[in-house]
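The values are calculated or read from the model by the stated rules, or taken from the named source; none is laboratory data. Given the structure is predicted, the values throughout are model-derived calculations rather than measurements. Note that each Cβ is placed from the backbone with ideal geometry, even for glycine, and that neighbours are counted across all protein chains shown.
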């Protein structure tokens, strides 16, 4: 038995001993993505309120980085084609099970990418997202859907794609925001009106 499987069994035994947590953890494992969407919205609102061009570029990339990480993860998961523990092990508590490959975890990839993206916007948001991501990773193992290595790899992979993508597309996003400055769409990234949008255009 591998170390990864041993850790999975420890968490699964904890799940067996805490039936009162099943509904809470299962709910978060399935619908916690809503919290990450709210954090992304908070990142956008923060950047918009601060009228900081660099921060707005990061806020614009955060959701795009998440989508990019999920897109890149699909062929990776298909190639690895790992069978999930809820399908491979028959002596465990299973609260939810999917039939698609489990490595890396899509939920963890999403959480890692959002955390990295929000860290670029404001570190406090990054800390909140990191806590939410850690809980999500634990929840996905708790319900029997993933091995620990699935979620750890997902968190790291998502963060790497988000950060790497940001470095690549930041100049393009700057040009896009520059083009939007002074237009009616500038209200999406500033609260100060057209005059500030023009100032932002010069800063970008």
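Highlighted here are the helices (runs of 4 or more DSSP H) found entirely within the range 1-96 that include at least 2 residues which are under 30 Å from residue 125 (Cβ atoms): 3-17, 22-31, 33-50, 53-80. Residues that are more than 14 Å from the chain's Cα centre (by Cα) and part of a loop (DSSP other than H, G, I, E, B) do occur in the range 113-124, at least one of them. Just one of the listed residues (112, 117, 32) is buried (at least 18 other Cβ atoms within 10 Å of the Cβ), within 30 Å of residue 181 (Cα to Cα), at pLDDT 95 or above and touching a helix residue (DSSP H, G or I) at 6+ places or on another chain (Cβ under 7 Å), namely 117.
Only one entry of 20, 119, 45 meets the criterion of being free of Cβ contacts under 8 Å to residues at least 40 places away in the same chain and within 22 Å of residue 164 (Cα to Cα), and that entry is 119.
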